[in-house]
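Notes for the one structure printed next.
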Amino acid sequence: MDLTVDWGQVHALLGENGAGKSTLMNVVYGLVRADEGEIVFDGNPVHIGSPQDAIKLGIGMVHQHFMLIPPLTVAENVILGNEIATGAGVVDQARARARVAELSKKYGLEVDPAARVEDLSVGIQQRVEILKALYRGARLLILDEPTAVLTPQEVRGLFDVVHALVKDGAAIIFITHKLAEVIEVADQITVMRRGKVVATTTPKESNQAELARLMVGRSVLLRVEKGEAKPGAVLLALKELSVQDDRHQLAVDNVSLEVRSGEILGIAGVEGNGQNELVEAIAGLRMPRSGTIRLGGRDITHASTHSTLEAGLGFIPADRHRMGIVLELPVADNLVLSRFDRRPFARWIVRAFDAVRDYAAKMIKTFDIRTQGPDQLAGSLSGGNQQKLVVAREIGTQPKVLLASQPTRGVDVGSIEFIHRRLIEERDNGMGVLLVSSELDEVLSLADRVAVVYRGRVVATFEQKEADRDRIGLLMAGAA
Amino acid sequence: MKLDRAMRARLFAAVVLPLVSVLCGFAVASVAVLLTGSDPLAAFTALFQGAFTNERAFPETLVATVPYIFLGLAVALGFKAGLFNIGAEGQFYLGAIFGVLAGTSLHGLPGIVEIPLALAFGMLGGFIWAAVPGLLKARFGAHEVITTIMLNYVAFQLTDFLINKGPMSDPHSTAPRTQFIDPGAQLPVLLADTRLHLGLILAILAVPVVWFLIERTTIGFRIRTVGFSQGAARAAGISVAWTLVITMGISGALAGLAGADEILGVSHYMPASFSVGYGFDSIAVALLARSNPWAILPSAFLFGAMRNGAAFMQLETQVSSDLISIVQAIVIMFVAAPALVRWIFRLREVPVGGIAITQRETAGVTSET
């Protein structure tokens, strides 16, 4: 892929999580080595083998998670690694503070150099990170999802700083997946998807709806063959559900949805609009703040994951490596991960390996998992086969409702097709499927009904026939 | 013969790494002996004699090996769930207190009843002492390294309170100690005129039991799954909190069994200085065995031999018995940092599962203490 950034400009790098934005920037900052290709800086090809090389060139990066030392002062954090010392090797606090004050004044980055970092708000800590990069002579500043942790007022302050910097001739790469910000702050926009640049544009030539579409993808997916849905009884019912995220902010706001037997309900939306919290609440991994969840007539609002699965939920988590499978365990063990302790896989507390292996062999065949056998470690399978393993396990329990979160993320085309076919098959057999995907095309081609979420709310619901991709793109961008 | 990568990695982790670690430990210790102006060869010869060839040396080495087996298994089990149970020493004490309690109060029962009861009582003591940190971690996220260390001190002081003119002290003795346990509660001696007792057989039997627990039962599967990936365990409906509590509990029960066994088999009462670091050494035993229950046997034997031989070495060559602490320290260092061994011996890296596990275990220590 190619990317060109000009001096005196804010270049927004837009894409979903996992689109490759951060990886690309880590290459530029010397944290990750590129397999091939070259980086040209200020007209010269450069080799960046480490962050030290990048800093020497004048490249600075502000990571999503700050790299500050909380008990030290602002000035100490800023000069760390480049300390101003007196002749005796003692840090010259007065001069360090003066230098930091001078820098912060120049760019409007108000901050008290003598304050301890741990006493500062997140927004101010971010300023310290930016100061740190500037102090080391950064002229190209990479900001990785800088607004993710900021309040609206802090975002405003950040934008002022960004404008002051580019006015001074610096270049900024602004990584984000928030569309409104891009339109507001960027001079140039590059949209990435699945590791490739899908478009380069400017705020004037584009708009939020178009960017949303570009970000979640044009029809690269295969058309899915499926018949008419024959919806039956309501299996999963969410009523006025509200869920908080880890920072106690409302992530799911008063959502009511129903999934019927024999239908696929798709949730469309740009990532980070409450989908994760919604999924976790249903799966019993996060306690809702208010509202109810009923599964097959049972109230599972406050049920543990164990009871929720018991009540008839199949759960395909979005993060395969962290939650879907145990990389260090064999395929067979992974296939019975939620049922290893009951018959026929165990008697009393003793595991029945023959039963596990027989079952695994059957599932490997049915779900076309390419493996050397049930004893192969799950971590050594390809991504597609790992995902087929998860799908096999969750469908294998014959749940009433299958909760599929990003079921084909990072999976090869063949496996995508296979997984899609299986989801439709299960639907036809009367399962209810709740599909959460940030791939709009996946939702549009699989779902019988589509619910669009924006900022934790369901902003619209469509029957598949009425679902219009442009209209949904607008809704996903918050333009209702 | 050309071994494939996975085999090479496993061989390195299971055999080469521990052997090299032990050899390096002795090498560094020799330098220390040289620096103090003594002869390392003489010191190690005496160590060997004291551990194996002197009269009654070998049975005594086995006597010292017994608690190391139980305690090594206890610590290893914690590692399987990603837990660092540094409290084995305290749980060892609690097991002894509970063992003495049973052994001094259940009069008139036949040994075949009283002995298992007293041992079970010891396990209960250790279980309770370890389940508390497990609960604290599961409920409040309190790190088990901190809480188990703290509970060690509580255990030491509790012992002191109980036996020093306290409720459990022997009224007929001027020394701070408990009464002797019933003769019927004493573990039978295996070899006449030695202290080698039935506990050795129990310890050896504990190895397959723990192995079976870890590898063949649903509880062991929960423990390993939680150790590998708490996220995946949670998503599959495994209760991580329950697993952490139960793992700590079983780990503590094994340590408690060691304590009760030591009372019933060796001392027959509880003295003021009951243990001198058995529980702490057992962390090294488990690390050297890489948490493999079978490997605990040779690992515990090595530590038992060193502990037993050290006294004779000090007597014979005036080299301090603390020398074996140097060996132990170096062993831990090398086992914890396999990259160091590779670097020293220019071995090429084989990045496969087994090795990553040690790194994670040690990462837990360095980042959290």
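Bear in mind these aren't lab numbers, they're just calculated from the coordinates by the rules spelled out. A quick note: this is a predicted structure, and the numbers were derived from the prediction, not measured. Backbone-built Cβ (ideal geometry, glycine too); neighbour counts: all protein chains shown.
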Completion exercise
Kirkwood Rh over alpha-carbon pairs of the stretch A:420-477 plugged into Stokes-Einstein at 20 °C, 1.002 mPa s gives a D in µm²/s of 178
Handout entry: Exposure proxy order (Cβ contacts within 10 Å, fewest to most) of B:282, A:437, A:290, B:38
Key = A:290, B:38, A:437, B:282
Problem - Burial order of peptide ranges B:209-216, B:67-74, A:385-392, B:133-140 (average beta-carbon count within 10 Å, highest first) - result: B:67-74, A:385-392, B:133-140, B:209-216
Exercise for the section: Give the residues of the stretch B:100-119 whose amide nitrogen is closer than 13 Å to a point set 7 Å from the Cα of residue B:170 in the direction of its Cβ. Expected result: B:104
Fill in the blank from the handout: From the cross-link list A:230/A:400; B:80/B:137; A:56/A:132; A:167/A:196; A:365/B:80; A:21/A:132, the entries with a Cα-Cα span beyond 24 Å are A:167/A:196; A:365/B:80
Exercise for the section: Compute the semi-axes of the equivalent ellipsoid of the stretch A:332-382, taking the square root of 5 times each eigenvalue of the Cα gyration tensor, and list them largest first in whole Å. Expected result: 20, 11, 8
Exercise for the section: Bin width 10 Å, alpha-carbon pairs only: give the P(r) of the stretch B:155-200 as whole percents, running from 0 to the bin holding the largest distance. Expected result: 26, 30, 34, 9
Handout entry: Exercise: per-residue mean of other protein chain Cβ atoms within 10 Å, A:319-326
Key = 5
Practice task
Can you tell me which of A:96-102, A:362-368 comes out highest on packing, and rank the rest after it, using the mean Cβ neighbours within 10 Å?
Solution key: A:96-102, A:362-368
Practice task
Rank the residues A:120, B:340 as a footprinting-exposure proxy: fewest other Cβ atoms within 10 Å of their Cβ go first.
Solution key: B:340, A:120
Practice task
Take every residue in peptide A:333-346, count the Cβ atoms of other chains within 10 Å of its Cβ, and give the average of those counts.
Solution key: 3
Problem - Pairwise FRET efficiency - residue B:105 versus residue B:153, Cβ, R0 = 25 Å, nearest 0.05 - result: 0.40
Problem - With eigenvalues of the C-alpha gyration tensor scaled by 5 and rooted, the stretch A:143-276, Å - result: 36, 22, 10
Fill in the blank from the handout: Of the convex hull enclosing the alpha-carbon atoms of the stretch A:261-368, the direction-averaged projected area in nm² is 9.0
Fill in the blank from the handout: Computed on Cα atoms only, the convex hull of the protein assembly as shown has an orientation-averaged projected area in nm² of 43.8
Fill in the blank from the handout: Once phi for every residue in the stretch B:200-210 is put through the Karplus expression 6.51 cos²θ - 1.76 cosθ + 1.60 (θ = phi - 60°), the whole-Hz ³J(HN,Hα) values, with Gly and Pro written as x, are 4, 5, 4, 5, 5, 5, 5, 4, x, 5, 5
Completion exercise
Per-residue average of other protein chain Cβ atoms inside 10 Å, peptide A:22-32 -> 0
Exercise for the section: Can you put A:453, A:356, B:16 in order of Cβ neighbours within 10 angstrom, beginning with the fewest? Expected result: B:16, A:356, A:453
Exercise for the section: Would you mind checking the radius of gyration and Dmax of chain B based on alpha-carbon positions, in Å? Expected result: 20.9, 69
Handout entry: Packing rank of A:343-349, A:161-167, where each peptide gets the mean count of other beta carbons within 10 Å, highest leading
Key = A:161-167, A:343-349
Practice task
Give the Debye-formula value of log10 I(q)/I(0) at each listed q (0.13, 0.16, 0.21 Å⁻¹), with one equal scatterer per alpha carbon of the stretch B:1-108, two decimals each.
Solution key: -0.89, -1.10, -1.17
Exercise for the section: Write down the Å³ per residue value for the convex hull defined by the alpha carbon atoms of the stretch A:352-432. Expected result: 96
Problem - Extension gain, residue A:465 back to residue A:115 (0.36 nm per residue minus Cα-Cα distance, nm) - result: 120.1 nm
Completion exercise
Here the FRET efficiency for residue B:53 versus residue B:329, based on Cβ atoms and R0 = 30 Å and rounded to 0.05, is 0.70
Exercise for the section: Compute the normalised compactness of the stretch A:331-480: alpha-carbon radius of gyration over 2.2 N^0.38 Å, N being the residue count. Expected result: 1.22
Fill in the blank from the handout: Once the dipole of chain B is set up from charges on Cβ (+1 Lys and Arg, -1 Asp and Glu), the residue from the list B:323, B:265, B:176 lying farthest towards its positive end is B:323
Exercise for the section: Could you tell me what % of all Cα pairs in chain A have separations over 33 Å? Expected result: 46
Handout entry: the stretch B:34-57 versus the stretch B:110-153: alpha-carbon centroid distance in Å
Key = 37
Handout entry: Between the stretch A:238-305 and the stretch A:64-88, the Cα center-to-center distance that results, in Å
Key = 43
Completion exercise
Connecting every pair of Cα atoms under 10 Å apart in chain B and solving the GNM, the largest mean-square fluctuation among B:306, B:248, B:123 falls on B:306
Problem - Mean-position separation - Cα centroids, the stretch A:130-184 and the stretch A:387-442, in angstrom - result: 39
